[in-house]
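Asker: The structure's right below; bear with me while I get my questions together.
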Amino acid sequence: MDAGLFLARVAVGVLMAAHGSQKLFGWFGGYGLDGTAGFFESIGFRPGRLFVTVASVSEMAGGVLVALGLLHPFGAALVVAVMIVAASVHWPNGLFATSNGIEVPLLYGVVAAALTLTGPGSYSVDARLGWTSLWTPSLTWSVLAIGLIGGVGNLALKRALPRAATA
């Protein structure tokens, strides 16, 4: 079981961190802060540069924490929060990725939450440091709840685009 948790944590964590680095640094074919900020503005997250910075840092930090199994519930909470917002952007397109739907953010968010509820496993930094006993069910659920609230709270900050003036 520990080997499976390790594999899942590393795969999800590294991919999430790389996804964030696309926005933050323009790595792996991404557009960087400036390019992504314009997109964020176009979907109502203004100021775009602020929102894309928070999103990309959350994705990178959350991904690294999940991959390492370090401060385990906190990394997953960051991933869950950002994936709630990402899913909201893709919601109008349906479920599957082939139509740019919510499939990918849903998978990232659910797997991050599931990994947290399962625990980081013995092949983790938390286990190496003797911290796994800190992550009681009540603390883990509380941290995940904060991630959910953070994601929904971020959506509350989204602003509709102003309507163009008509003559």
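The values are calculated or read from the model by the stated rules, or taken from the named source; none is laboratory data. Not measured: the values here are computed from a predicted model. We place every Cβ from the backbone using ideal geometry, glycine too, and count neighbours over all the protein chains shown. Surface areas here come from the heavy atoms of the whole protein model, side chains and all, with no ligands, DNA or RNA. Shrake-Rupley method; radii C 1.70, N 1.55, O 1.52, S 1.80 Å.
Asker: Tell me the relative contact order for the chain as a rounded percent, counting alpha carbon contacts under 8 Å between residues six or more apart.
Answerer: On the way: 274 pairs, mean separation 41.4, N = 167.
Normalised by residue count, the contact order of the chain is 25 percent.
Asker: Taking 0.36 nm per residue of separation and subtracting the Cα-Cα distance, what length does fully extending Thr132 through Phe39 add?
Answerer: Values: separation 93, 0.36 × 93 = 33.48 nm, distance 3.94 nm.
In short, 29.5 nm is gained.
Asker: Which of Gly147, Ser56, Pro92 sits farthest toward the positive end of the charge dipole of the chain, with +1 on the Cβ of Lys and Arg and -1 on the Cβ of Asp and Glu?
Answerer: Pro92
Asker: Still on this structure, please answer the following. Taking 35 Å as R0, compute the FRET efficiency from the Cβ-Cβ separation of Asn100 and Ile149 and round it to 0.05. Intermediate values should be presented prior to the final figure.
Answerer: Details: r = 27 Å, r/R0 = 0.76.
Working from the Cβ atoms, E equals 0.85.
Asker: At 1.4 Å probe radius, can you tell me the per residue accessible area of the chain in Å²?
Answerer: On the way: 9140 Å² over 167 residues.
It amounts to 55 Å² per residue over the chain.
Asker: State, to one decimal in nm, how far the label point of Trp27 lies from the label point of Val14, with both points 7 Å from Cα in the Cβ direction.
Answerer: A separation of 1.2 nm, rounded to one decimal place.
Asker: Given Ala112, Gly38, Leu7, which one lies farthest toward the positive end of the charge dipole of the chain, if we put +1 on the Cβ of every Lys and Arg and -1 on the Cβ of every Asp and Glu?
Answerer: With unit charges placed on the Cβ atoms, the residue in question is Gly38.
Asker: Give me the number: length gained by fully extending Leu7 to Leu157, i.e. 0.36 nm times residue separation minus the C-alpha to C-alpha distance, one decimal in nm. Could the numbers behind the result be given before it?
Answerer: Working: separation 150, 0.36 × 150 = 54.00 nm, distance 3.55 nm.
Value of the extension gain: 50.5 nm.
Asker: For the chain, take the longest principal axis of its alpha carbons; what is the angle in degrees between that and the long axis of helix 137-156, to the nearest 10 within 0 to 90?
Answerer: Computed tilt is about 10 degrees.
Asker: At a Förster distance of 45 Å, what's the computed FRET efficiency of Ser122 paired with Arg49, Cβ-Cβ distance as r, to 0.05? Write out the running numbers ahead of the final one.
Answerer: Working: r = 41 Å, r/R0 = 0.91.
My answer for the efficiency is 0.65.
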